[in-house]
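Encoded as structure tokens, the structure appears first; notes follow it.
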Amino acid sequence: MATQWMRNAGLGLVLSATLFAGGAVAQDKTSDQPNVNKQEGAQTNEQEPAHETETQAEGAPKLAKDCLDLALQKDEGSEKFRGNSIYENNAKDYDADELEQGDTFELRVDLLGEGNAKYNLTCQIDADGNMTYEGMGKSTSVKS
């Protein structure tokens, strides 16, 4: 009877040691994963910064600012986008030397709206460098 009890006890110890070791292995497999604050659902180690557009990082070029100023003057609904920052634009594609008489360049300026909304402004620049405001649209994507 004592022998049977010792075998069961020994088997129990072996089983306990195996389960403990298995738990340690499982623990080790996750040790290279970032710590997670489960209540907030966020990682507690340093996170990557949000993506900034080139315009946000370096500032808007003068042409984009001029288009925005013109839109604020000419658009009857400019209250909707007054005070919104320039998110992206295609001003870097403008080359005055490439425009021939009668040609125009379509300047697109995207403003950051609420949530993921974007206000898409369109201006035209003629061969003489004169800018006209064409209009504003609203979307969830950039047009420039």
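Each value in this text was obtained by applying a stated rule to the coordinates, not by laboratory testing. Computed from a prediction, not measured in an experiment: that's the story for all the values here. We place every Cβ from the backbone using ideal geometry, glycine too, and count neighbours over all the protein chains shown.
Key figures for this structure:
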item: Glu114 vs. criteria assigned to a strand (DSSP E or B) and either under 16 Å from the mean Cα position of the chain (by Cα) or surrounded by 11 or more Cβ atoms within 10 Å (Cβ to Cβ) (or both); result: no
item: Unmet criterion (only one of (1) touching a residue at least 40 places away in the same chain (Cβ under 8 Å); (2) in a strand (DSSP E or B)) for Ala64; result: (2)
item: Some residue of segment 125-137 being within 16 Å of Asp69 (Cβ to Cβ), assigned to a strand (DSSP E or B) and within 18 Å of the chain's Cα centre (by Cα); result: no
item: Filter result for Ala57 (of a type outside the set (Val, Ile, Thr) and touching a residue at least 12 places away in the same chain (Cβ under 8 Å)); result: no
item: Looking only at segment 80-111, and only at residues there that are crowded, with 18+ Cβ neighbours inside 10 Å and among the β-branched types (Val, Ile, Thr), the one that is farthest from Ala64 (Cα to Cα); result: Ile86
